[in-house]
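To start, the structure under review is shown below, and the notes come after it.
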Amino acid sequence: MSGPGLRVTMLGLRGFPNVQGGVERHVENLARELGALGCSVEAILRSPYVSKDVGRTWQGVRLCRLWSPRIKGLEPFVHTFLAVLRAAWTRPDILHIHGIGPAFFTPLGRMLGLNVIVTHHMANYENEKWSRFACAILRLGERAGMVLSHGRIAVSPSLAERMRRSYNVQVRAIPNGIDPPVLLPSPSILQSFGLTPHRYLLTVARIDQQKRQLDIQRDQKEAGGATPAQQAQQQLAAVQQQQAGTPAGG
């Protein structure tokens, strides 16, 4: 990239490095790789999640610790509001908002003259943990982010198509990036779990209906049979459903 690179500010996450979460990992990788391409990247983080010891830069990414309250539901909205005001002062070329909750402030960013891009990670309002009021705010955030932003990204083709149909806008599907996998020198580790190379599926996520582990269980049953490791996964999914108070397989 010749000349000064784009100045990009990212917000909508709790923090990184070493902060658990899908959005956090997504932004961590994206910010690092954009920096490697020559962009000047700043991530605005929530101060309770990132120690001062981390410093002001990480692998070429500028880190801005900004105060936020530790109150469920209120935390991301207060932090995003303050972060957008800060971006209006620093004037990045692109303000990249992650998540439909923070996207609620897309209109504010536009009013302040910022070029806003929104990445839609998941339909959070489908999670049963949120109240009706919280779900309504999340839906408003989704609408604001999809309709009023300058650019829209979804992390899966199915989500991108859903947003296109819902809001009649163009949405680019850009899956989450991953680090190059480490190839195992021998299949002994797989064999210890009853697995055969190239004949298994791995899902890494908390057990949650939104993560669709039960879809894997259903497809395994339809395929006819399961390995011992697959049976263990099915049992784990069944326990999760019982804890949620619904019949396993229902």
- request: Could you check, for region 160-172, whether at least one of its residues is under 26 Å from Gln20 (Cβ atoms) and either at pLDDT below 95 or in a loop (DSSP other than H, G, I, E, B) (or both)?
  value: no
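Taking Val182, is it surrounded by 15 or more Cβ atoms within 10 Å (Cβ to Cβ) and farther than 26 Å from Trp89 by Cα?
So Val182 fails the test.
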- prompt: Within region 1-19, how many residues are touching a residue at least 60 places away in the same chain (Cβ under 8 Å), assigned to a loop (DSSP other than H, G, I, E, B) and surrounded by fewer than 22 Cβ atoms within 10 Å (Cβ to Cβ)?
  reply: 1
query: Does Pro107 satisfy being surrounded by fewer than 17 Cβ atoms within 10 Å (Cβ to Cβ), within 26 Å of Asn127 (Cα to Cα), without any contact (Cβ under 8 Å) to a residue 12 or more places away in the chain and touching a helix residue (DSSP H, G or I) at 6+ places or on another chain (Cβ under 7 Å)?
result: no
Cβ pairs under 8 Å, 6+ apart, first in region 42-62 and hydroxyl-bearing (Ser, Thr, Tyr), second not in a loop (DSSP other than H, G, I, E, B): Ser47/Arg65; Ser47/Leu66; Thr57/Leu63
Restricting region 185-206 to residues that are of a type in the set (Val, Ile, Thr) and surrounded by 10 or more Cβ atoms within 10 Å (Cβ to Cβ), the residue that is nearest to Glu24 (Cα to Cα): Thr203
task: Please note which helices (runs of 4 or more DSSP H) are completely contained in region 20-135 and include at least 2 residues that are over 21 Å from the mean Cα position of the chain (by Cα) and closer than 13 Å to Met10 by Cα.
output: 74-90
field: Subset of region 191-212 [assigned to a loop (DSSP other than H, G, I, E, B), modelled with pLDDT under 80 and either of a type in the set (S, T, N, Q) or assigned by TED's automatic domain parsing to the domain that holds Gly21 (or both)]
entry: Thr203
message: Considering only residues that are under 18 Å from Phe105 (Cβ atoms) and of a type in the set (A, V, I, L, M, F, W, C), which ones fall in region 136-168?
response: Ala136, Ile137, Leu138, Leu140, Ala144, Met146, Val147, Leu148, Ile153
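Which one is nearest to Gly145 (Cα to Cα) among residues in region 85-115 that are among the hydrophobic types (A, V, I, L, M, F, W, C) and touching a strand residue (DSSP E or B) at 6+ places or on another chain (Cβ under 7 Å)?
Per the stated criteria, the residue is Ala103.
The values are calculated or read from the model by the stated rules, or taken from the named source; none is laboratory data. Everything numeric in this text was worked out from a predicted model, so none of it was measured. Using ideal geometry, Cβ is built from the backbone for each residue, glycine included, and neighbour counts are taken over all protein chains shown.
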